[in-house]
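The values are calculated or read from the model by the stated rules, or taken from the named source; none is laboratory data. Remember, predicted model here, so these are calculated numbers, not experimental data. Note: ideal-geometry Cβ built from the backbone for every residue, glycine included; neighbour counts use all protein chains shown.
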Amino acid sequence: MKNFEELGISSGFIKGLAELNIVEPTDIQKKVIPILLAGVTDIVAQAQTGTGKTAAYGIPLLEKIDPNQKSVQGLILCPTRELAKQVAKQLFRFTKYTTKIFTEAVYGGEHIDRQIVSLRRPTQIIVATPGRLIDLVNRKAVDLNSVKTIVLDEADEMLSMGFKKELDDILSHLPSIKNKWLFSATIPNGIQEIISKHLAKDAERIEVSRENIVNKNISHQFVMCNDSDKFHALQLFLKSEHKNRGVVFCKTKAATKKLTKQLIAKNIAADAIHGDLMQKERDKVMRAFKNETLRVLVATDVAARGIDISGLTFVAHYQLPENDEYYTHRSGRTARAGKEGVSMCFVNTKEVKTLRNYERNLEIKFRQVK
C-alpha cells in the first residue's frame, strides 16, 4: 500500500492533504501521480467523479509550477463553473504549507471585467470553462504562451455540453505545451478524436478498474411503487432519514420545479437547481444548502455537475437517470471522504429492469426496501 510520500510528493503538499483528511491515495492517485511526476507526458485517464482525480492531477501540476515565474504555466479546463471554482479552491488548500502558487478561476455567468482585473495579478494556474477562456484570449486579457501543462477535466462532459470546437481551438494554440492530461469518465468517439488529434501517439492510458469505480461505502436501495405513489414514498424515505441532508434527482427541469413545490408544501426545507436559474439564483440556493438552511436539494443531472458538498447522507433518484454513467455520477455525491451513504431509487415494476442493468454493468447490488 503506497502512501503519498512513496508516490513522490513533497512534504508540504502531504501536510496540506493530511489536513483535508486525504491520507491514503485512491486507486487513480496511485496510478497517475508517479507517471505525471516522472517527466513530460501525455495521459488519458478514465475515472469517475468522486475517485480523487482533482488531487491526482492537481498535486503533480502544482509540483511542476515554478513559483518564481509569474506567468501562467498550468491550465485546467472544466465543463462547469461549479467544478472550476471547486478545483481552484482545492489547489489553494493543497498549497497551505508550500510556497505560494497563485490560481485563478474564470468562467461564464460572471462579469468578465472583474475576471480581467483578477488576471492582472500574478497567476500561475488558470482553471477555466472553455467558452470564457476563449473570450479572455480574444480580448488579450490572458497570455497562454508559457503554459506547459493542460488538464482536461471531465472531458466527456465538456463534449456533451458542445465545447468540442473550443477544445480544439485551445489545444491548437498553446505554443509551449509539454504535457496534456485528459481525465474523463467515459471515452466516447468525440473524445477519441481529440485524443488522436492532440495527444501524443504513445500517450499513457490509465483506467480505474470497474469495481473501484462505484464507491464501496454506498448502500444501493430501491422502493417499488406506482408513479402515483412516488411522492408519498419519497416523503416516507425523507422522514426515515430524520434531519440528514441529501440530493433528490429528476430528469427534467419541469419535474425538478414541480417536486420542489410539493416538498415545500409539506414543510420540507427544499430548493431546486436546474438550467433555467440565473447564476445569482443558483449561487443563492447552493449557499443555503451548504449553510444547512436547506435540507434537500432537488436537481437535474446537468445542473448537479461539479457539486461537492461534504456530509451528504443520501441521494434519491426520483426519476432514474439516462444511463449508467449518470447513475455513478449521481450516487457519487454521497459517501464522500470515507463516510457511508444511501443511494435510493423509486421505481415502478417496468423500471426494475434498469436496476438489473446497473447491477450488471456497475457490479453493484440493490436491496429492496419495503
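Rundown of residues vs (1) without any contact (Cβ under 8 Å) to a residue 60 or more places away in the chain; (2) closer than 14 Å to Q73 by Cα; (3) more than 23 Å from the chain's Cα centre (by Cα), yes/no style:
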position: P130; (1), (2), (3): yes, no, no
position: L136; (1), (2), (3): yes, no, yes
position: S146; (1), (2), (3): no, yes, yes
position: V151; (1), (2), (3): no, yes, no
position: E166; (1), (2), (3): yes, no, no
- Message: Here is a list: I268, I264, I273. Which entry is closer than 21 Å to A84 by Cα and either of a type outside the set (D, E, K, R) or exposed (fewer than 14 other Cβ atoms within 10 Å of the Cβ) (or both)?
- Response: I273
- Message: When the residues of region 355-368 are narrowed to those that are out of contact with any Phe, Trp or Tyr (no Cβ under 6 Å at 6 or more places or on another chain) and buried (at least 16 other Cβ atoms within 10 Å of the Cβ), which ends up farthest from M224 (Cα to Cα)?
- Response: L362
- When region 13-54 is checked residue by residue, the ones that are surrounded by fewer than 15 Cβ atoms within 10 Å (Cβ to Cβ) and in contact with a Lys or Arg (Cβ under 8 Å, 6 or more places away or on another chain) are K15, E19, L20, V40
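Quick check: is even one residue across region 92-103 without any contact (Cβ under 8 Å) to a residue 12 or more places away in the chain, outside any loop (DSSP other than H, G, I, E, B), under 30 Å from M278 (Cβ atoms) and hydrophobic (A, V, I, L, M, F, W, C)?
yes
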- On the given criteria, is P60 under 21 Å from L144 (Cβ atoms) and not in a helix (DSSP H, G or I)? no
- Query: Within the bounds of region 195-213, is there any residue that is over 30 Å from K339 (Cα atoms), within 20 Å of the chain's Cα centre (by Cα) and modelled with pLDDT of 85 or more?
  - Reply: no
- Message: When you scan region 164-185, do you find a residue that is aliphatic (A, V, I, L, M), at pLDDT below 90, closer than 25 Å to T80 by Cβ and outside any helix (DSSP H, G or I), even just one?
- Response: yes
- Might you let me know whether region 82-91 holds any residue that is assigned by TED's automatic domain parsing to the domain that holds R139 and not in a helix (DSSP H, G or I)? no
- Test: F94 is surrounded by fewer than 19 Cβ atoms within 10 Å (Cβ to Cβ) and under 22 Å from the mean Cα position of the chain (by Cα): no
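Quick one: which of R139, R132, R114, R120 is more than 23 Å from G16 (Cβ to Cβ), in contact with a strand residue (DSSP E or B) (Cβ under 6 Å, 6 or more places away or on another chain) and not hydrophobic (A, V, I, L, M, F, W, C)? Give the steps one after another, and end with the answer.
Working: R139 fails: in contact with a strand residue (DSSP E or B) (Cβ under 6 Å, 6 or more places away or on another chain); R114 fails: in contact with a strand residue (DSSP E or B) (Cβ under 6 Å, 6 or more places away or on another chain); R120 fails: in contact with a strand residue (DSSP E or B) (Cβ under 6 Å, 6 or more places away or on another chain).
Answer to the check: R132.
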- Task: Can you give me the ranges of the helices (runs of 4 or more DSSP H) entirely in region 190-296 with at least 3 residues that are under 30 Å from L167 (Cα atoms) and out of contact with any helix residue (DSSP H, G or I) (no Cβ under 7 Å at 6 or more places or on another chain)?
- Result: 279-290
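In this structure, is D168 touching a Lys or Arg at 6+ places or on another chain (Cβ under 9 Å) and over 26 Å from L20 (Cβ atoms)?
It is true that D168 is touching a Lys or Arg at 6+ places or on another chain (Cβ under 9 Å) and over 26 Å from L20 (Cβ atoms).
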